[in-house]
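Here the structure is laid out as structure tokens; the discussion comes afterwards.
The values are calculated or read from the model by the stated rules, or taken from the named source; none is laboratory data. All values reported here derive from a predicted model rather than from experimental measurement. Don't worry about glycine lacking a Cβ; one is built from the backbone with ideal geometry, like all the others, and counts go over all protein chains shown. Note: areas computed on protein heavy atoms with side chains; ligands, DNA, RNA excluded. Shrake-Rupley method; radii C 1.70, N 1.55, O 1.52, S 1.80 Å.
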Amino acid sequence: MGKVVFNMTMSLDGFVAGPNDGPENGLGDGGEALFNWYFSGDTEIPISDGNMVLKFSPQSAEILKEAFERYGAGVWGRRTFDIAQGWGGHPPGSPCFIVTHTVPQEWVKEGSPFAFVTDGVESAIRQAKKAAGDKDVVVCTASILQQCLNAGLMDEIQIDLVPVLLGGGVRLFDHLGAEPIELERTRVVEAPGVTHLIYRVIR
Ligand SMILES: NC(=O)c1ccc[n+]([C@@H]2O[C@H](COP(=O)([O-])OP(=O)(O)OC[C@H]3O[C@@H](n4cnc5c(N)ncnc54)[C@H](OP(=O)(O)O)[C@@H]3O)[C@@H](O)[C@H]2O)c1
């Protein structure tokens with residue numbers, strides 16, 4: 001059985017998007033600085049069925065290639081799905097489970113890469129694990145990470161830490177319970193414009 005892992009890019013002050021994020025302002029005010037390292041190297045990695053090509057430094061490319069190869073399914077929240085406008089039907093990973101209260105019927109069709117889960121995060125993780133088999137399930141949104149941590153469902157956290165202070169926006173470690181969650185740092189990779197930090201969640 002694979003692990004449940006988290007991966008997002010975070011500002012040094014703890015935000016994964018700046019203020020006023022939305023479909024016309026994907027990463028919020030100033031938030032595009034979070035993804036500079038995605039496009040500033042020479043090592044090309046295609047994602048989203050080749051519809052997008054990222055350009056990483058060799059250090060970032062190595063750690064991300066390893067991670068991408070391990071991912072067998074992904075879980076996202078509905079805000080990210082809406083802001084990304086369903087990635088034009090080519091999500092960055094599939095099978096792709098979207099946690100939501102309401103199913104967007106236009107995406108319920110033969111060959112849709114999306115499965116919409118309306119009965120909560122535990123159900124989404126269970127379904128994604130089944131789809132992933134021996135591979136990992138990757139979680140890529142803030143609210144889903146928070147719920148997974150509160151429910152004891154997360155095995156590993158990878159933060160791509162970017163040296164920018166956004167001052168506001170979508171805070172990654174929000175809405176957590178009162179009990180501390182202990183982590184063990186298992187890997188650090190320093191790369192141009194980003195530090196990759198991997199932690200095991202101690203349970
Ligand atoms: N920095 C990065 O690496 C990175 C990567 C991707 C995205 N982002 C940014 O992250 C932000 C989105 O993160 P987010 O945490 O605000 O939102 P999110 O996790 O993408 O979506 C939250 C929404 O998912 C649905 N949802 C969540 N839990 C649910 C549950 N238990 N049951 C039913 N529905 C549930 C609800 O939508 P409904 O009630 O509408 O169904 C909720 O409003 C965006 O700004 C995006 O651009 C950053």
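A compact table of results
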{"read-out": "Antiparallel DSSP beta bridges within segment 1-133, as percent of all bridges there, nearest 5", "value": "40"}
{"read-out": "For segment 1-57, with +1 on Lys and Arg beta carbons and -1 on Asp and Glu, the positive-most of F6, N25, N36 along the dipole", "value": "F6"}
{"read-out": "Derived scalar couplings ³J(HN,Hα) [segment 87-101; Karplus, 6.51 cos²θ - 1.76 cosθ + 1.60; whole Hz; x for Gly, Pro]", "value": "6, x, x, 10, x, x, x, 8, x, 10, 9, 10, 8, 7, 8"}
{"read-out": "Accessible carbon and sulfur surface of segment 75-167 relative to its total accessible area, %, 1.4 Å", "value": "50"}
{"read-out": "Cross-link partners of K55 among lysines (Cα-Cα below 22 Å; sequence separation of 8 or more within a chain)", "value": "K65"}
{"read-out": "L54 long-range amide H proximity, modeled H, under 5 Å", "value": "I45, I47"}
{"read-out": "Residues with amide H under 5 Å from that of T141, placed H, sequence gap 5 or more", "value": "G77"}
{"read-out": "Cross-link partners of K130 among aspartates and glutamates (Cα-Cα below 13 Å; sequence separation of 8 or more within a chain)", "value": "E122"}
{"read-out": "Relative packing of peptides 86-92, 133-139 - highest average C-beta neighbours within 10 Å first", "value": "133-139, 86-92"}
{"read-out": "Dipole moment magnitude, nearest 20 debye, the chain about Cα centre, only Lys, Arg, Asp, Glu C-beta charged", "value": "460"}
{"read-out": "Karplus (6.51, -1.76, 1.60) ³J(HN,Hα), θ = phi - 60°, over segment 107-112, in Hz, Gly and Pro reported as x", "value": "9, 9, 7, 3, x, 5"}
{"read-out": "Percent of alpha-carbon pairs separated by more than 14 Å within segment 159-203", "value": "64"}
{"read-out": "Lys, Arg +1 and Asp, Glu -1 on Cβ, resulting dipole of segment 44-148 about Cα centre, debye, nearest 20", "value": "160"}
{"read-out": "Accessible area in square angstrom per residue, segment 1-138, 1.4 angstrom probe", "value": "50"}
{"read-out": "Per-residue ³J(HN,Hα) for segment 157-173, Karplus 6.51 cos²θ - 1.76 cosθ + 1.60, θ = phi - 60°, Hz, x for Gly and Pro", "value": "10, 10, 10, 9, 8, 10, x, 9, 10, 8, x, x, x, 8, 7, 5, 9"}
{"read-out": "Share of pairwise Cα separations in the chain, more than 26 Å, in percent", "value": "30"}
